[in-house]
Amino acid sequence: VPSESKRALVIDDNPVDRLVLSGIVKGLGFGTEESEDGQAGLDRIAREPPFDVILVDWNMPRLDGIGFLRGVRASPKGSKVRIIMVTGETELSSLRKALEAGADEYLMKPYNREAIQLKLRMLGLAV
Amino acid sequence: MGIHPEAMRFLREWVKRRSGILLEGKEVMIESRLTTLCSQVGLVGVEALLEALKTKPDSELATRVLETLTTNETFWFRDHYPFEVFRTAVVPEILEERKAVKRFKLWSAACSMGQEPYSIAMLLKMHFPQLDKWQVTLLATDLAKHVVDKAALGKYDHLEVNRGLPAQYLARFFQDAGDQWQIKPEIRNRIEFRTLNLTEAFVLPADLDVVFIRNVLIYFDVPTKRAILLRALGSLRPGGYLFLGAAESIYGLDLPLLTVNAGKTVYYRKAK
């Protein structure tokens, strides 16, 4: 991964989902790191250089996606990072809750590479 | 499998005669869509479908075939940049130019399943609340009736909303509809949907401010392209704005249009 690559963090407790999403984001030119739940994600953000974008699942043990959003938005290192919630929650009330908690974008599972690319482009992050 | 070359030629000519649309190099799309249509209407194969077209050229089935072959999948805020420049440059200019009459008229000429006119209407509502006090006319047309009906319904599945619809827009302008999402009446009611064949003579509201005729001209030959744009320009006011698709241009068409380069996109203005 070239050092000038943008950095992405993928947070999902399902290893297969994490691998798939990570692979797509990597294919779009990002350097990627992975965490297995919201708390692990917060810990990683605290100790690593800043990420350009975080893709986070909703339903996870320990700390879920909403808890993660609130935590990261309250931390000095996470106030500006772009965050996409990637989830199987499809009710608009859920979408609105995620936006209120600090998500910039919301993508419903199942998704494909094109959908990820379009969301990244909306956030000014991919060609 | 595969459609016989002669049958393919017949189909292409038939579609061109009916709609003006050229389907050169689209064999895979044609076969895949017609195979799906066959299974929907209970025909055993594409050959049976062609036989039906030849014997009953004006049947409902013929209409279905035409619609199946001329419908495009589409995106919300397609290509992103044209909508950026529409929001940051074009609409502010129109607000200034039309402030005396407070009238704003737009036409989405190949609206497909509705993503383009709804993108425009949502963008106007989100960023230009002052237009609530204006008379805004947004006409959306497409060739195929079933496509226009679907557009007017404004109901989309999960794959469709994932194709470029920003979450803020989904949250604000849609409502849950089972496992789909439907555009709210406040946006739906701002748009007039109609069927229209671009290759036939058509009458539009006069004095249009903006015409979106995107990703449809690529299907026509040069004389047809020029004729369509000339008719559209007949309804566009002097100084009015024209948006084409990212892969389309007016090069070589000799039209009274000025090209405006706007960074990552271009748009056109009718000469005053």
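Every number here is computed from the coordinates shown, using simple stated rules; none is lab data. Source: prediction; values computed, not measured. Positions of Cβ are backbone-derived with ideal geometry, glycine not excepted, and every protein chain shown enters the neighbour counts.
Out of the residues in the stretch B:119-143 that are of a type in the set (Gly, Ala, Ser) and either surrounded by fewer than 22 Cβ atoms within 10 Å (Cβ to Cβ) or part of a helix (DSSP H, G or I) (or both), which is farthest from the other protein chains (Cβ to nearest Cβ)? Please lay out each step first, then the result.
Filtering the stretch B:119-143 for residues of a type in the set (Gly, Ala, Ser) gives B:119, B:121, B:140.
Among the residues that remain, those that are also either surrounded by fewer than 22 Cβ atoms within 10 Å (Cβ to Cβ) or part of a helix (DSSP H, G or I) (or both) are: B:119, B:121.
Details: B:SER119: 12, B:ALA121: 19 Å.
So the residue we want is B:ALA121.
Residues of the stretch B:99-130 being in contact (Cβ under 8 Å) with a residue 40 or more places away in the chain and aromatic (Phe, Trp, Tyr), which ones?
B:PHE104, B:TRP107, B:TYR118, listed by residue number.
Quickly run through the stretch A:68-106 and pick out the residues that are small (Gly, Ala, Ser), in contact with a helix residue (DSSP H, G or I) (Cβ under 8 Å, 6 or more places away or on another chain) and at the interface with another protein chain (Cβ under 10 Å from one of its Cβ atoms).
First pass over the stretch A:68-106, keeping only residues small (Gly, Ala, Ser): A:71, A:74-75, A:78-79, A:88, A:93-94, A:98, A:101-103.
Filter once more, keeping what is in contact with a helix residue (DSSP H, G or I) (Cβ under 8 Å, 6 or more places away or on another chain): A:71, A:75, A:78-79, A:98, A:101-103.
Answer for the stretch A:68-106, where residues must be small (Gly, Ala, Ser), in contact with a helix residue (DSSP H, G or I) (Cβ under 8 Å, 6 or more places away or on another chain) and at the interface with another protein chain (Cβ under 10 Å from one of its Cβ atoms): A:ALA98, A:ALA103.
Tell me which of these A:ALA46 doesn't satisfy, since it passes every other one: (1) outside any helix (DSSP H, G or I); (2) exposed (fewer than 15 other Cβ atoms within 10 Å of the Cβ).
(1)
Can you pull out the residues in the stretch A:1-41 that are buried (at least 22 other Cβ atoms within 10 Å of the Cβ), farther than 14 Å from A:ALA126 by Cα and hydrophobic (A, V, I, L, M, F, W, C)?
Answer for the stretch A:1-41, where residues must be buried (at least 22 other Cβ atoms within 10 Å of the Cβ), farther than 14 Å from A:ALA126 by Cα and hydrophobic (A, V, I, L, M, F, W, C): A:LEU9, A:VAL10, A:ILE11, A:LEU21.
When the stretch B:228-247 is examined, which residues are found to be surrounded by fewer than 16 Cβ atoms within 10 Å (Cβ to Cβ) and either under 21 Å from B:LEU204 (Cβ atoms) or of a type in the set (S, T, N, Q) (or both)?
Scanning the stretch B:228-247 gives B:LEU230, B:GLY234, B:PRO238, B:GLY239.
Just to be sure before I move on: is B:VAL46 buried (at least 17 other Cβ atoms within 10 Å of the Cβ), of a type in the set (A, V, I, L, M) and within 25 Å of B:ALA227 (Cβ to Cβ) in the structure I sent?
Working: buried (at least 17 other Cβ atoms within 10 Å of the Cβ): yes; of a type in the set (A, V, I, L, M): yes; within 25 Å of B:ALA227 (Cβ to Cβ): no.
No.
Against the conditions (1) assigned to a helix (DSSP H, G or I); (2) in contact with a strand residue (DSSP E or B) (Cβ under 9 Å, 6 or more places away or on another chain); (3) more than 8 Å from every other protein chain (Cβ to nearest Cβ), where does B:GLU192 fall short? Just the number, please.
(1)
Kindly evaluate B:LYS105 against the criterion of being of a type in the set (Lys, Arg), closer than 30 Å to B:ARG18 by Cβ and outside any helix (DSSP H, G or I). Even if it seems obvious, please write down each step before you answer.
Details: of a type in the set (Lys, Arg): yes; closer than 30 Å to B:ARG18 by Cβ: yes; outside any helix (DSSP H, G or I): yes.
Answer is yes for this residue.
Checking B:LEU198 against (1) under 19 Å from the mean Cα position of the chain (by Cα); (2) within 13 Å of chain A (Cβ to nearest Cβ), which single condition isn't satisfied?
(2)
Tell me which residues, restricted to the stretch B:144-165, are surrounded by fewer than 21 Cβ atoms within 10 Å (Cβ to Cβ), within 12 Å of chain A (Cβ to nearest Cβ) and not in a helix (DSSP H, G or I).
B:ASP157, B:ARG163 - these are the residues of the stretch B:144-165 that are surrounded by fewer than 21 Cβ atoms within 10 Å (Cβ to Cβ), within 12 Å of chain A (Cβ to nearest Cβ) and not in a helix (DSSP H, G or I).
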